[in-house]
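The structure is given below, and queries will be raised subsequently.
The values are calculated or read from the model by the stated rules, or taken from the named source; none is laboratory data. Worth saying up front: this structure is predicted, and the values here are computed from it rather than measured. Glycine gets a Cβ as well: all are built from the backbone with ideal geometry, and neighbour counts include every protein chain shown.
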């Protein structure tokens, strides 16, 4: 079993990077609180069209229960967006030809 909170621990960093003179400081940033993760999710999803049925508080709670960080939720949202596009049958050509409006938001959920 992999401990998700250890992904960025010092023992996983290449020892060559930790030699004297390479890094001035090593800073530990713990996992976000639920409110912090909700803020992170809101920022990450602001360019996506997410269904009103998605409860961000519940989503953040489930992410934290699984030990997910902000980077993990970014990947999760990105993959959900790709899966949504795949399921809808939209092709790259259809997306690139449909509009040049950069304010259009892809539908994620």
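Given the chain, what helices (runs of 4 or more DSSP H) lie entirely inside it while holding 1 or more residues that are in contact with a helix residue (DSSP H, G or I) (Cβ under 9 Å, 6 or more places away or on another chain), at pLDDT 75 or above and surrounded by 11 or more Cβ atoms within 10 Å (Cβ to Cβ)?
34-44, 56-65, 70-88
Next question, about the same structure. Under 6 Å between Cβ atoms, at least 6 apart or on separate chains: pull out the pairs that start in region 64-75 with a residue that is under 8 Å from residue 31 (Cα atoms) and end on any residue that is part of a loop (DSSP other than H, G, I, E, B).
Short answer, once both residue conditions are applied: 69/31.
If the Cβ limit is 6 Å and pairs must be 6+ apart or interchain, which residue in region 15-28 that is at negative phi and free of Cβ contacts under 8 Å to residues at least 24 places away in the same chain pairs with which residue that is assigned to a helix (DSSP H, G or I) and surrounded by 10 or more Cβ atoms within 10 Å (Cβ to Cβ)?
The qualifying pairs do not exist here.
Given the criteria farther than 20 Å from residue 30 by Cβ and touching a strand residue (DSSP E or B) at 6+ places or on another chain (Cβ under 9 Å), does residue 49 qualify? Reasoning before the result, please.
Working: farther than 20 Å from residue 30 by Cβ: yes; touching a strand residue (DSSP E or B) at 6+ places or on another chain (Cβ under 9 Å): yes.
So residue 49 passes the test.
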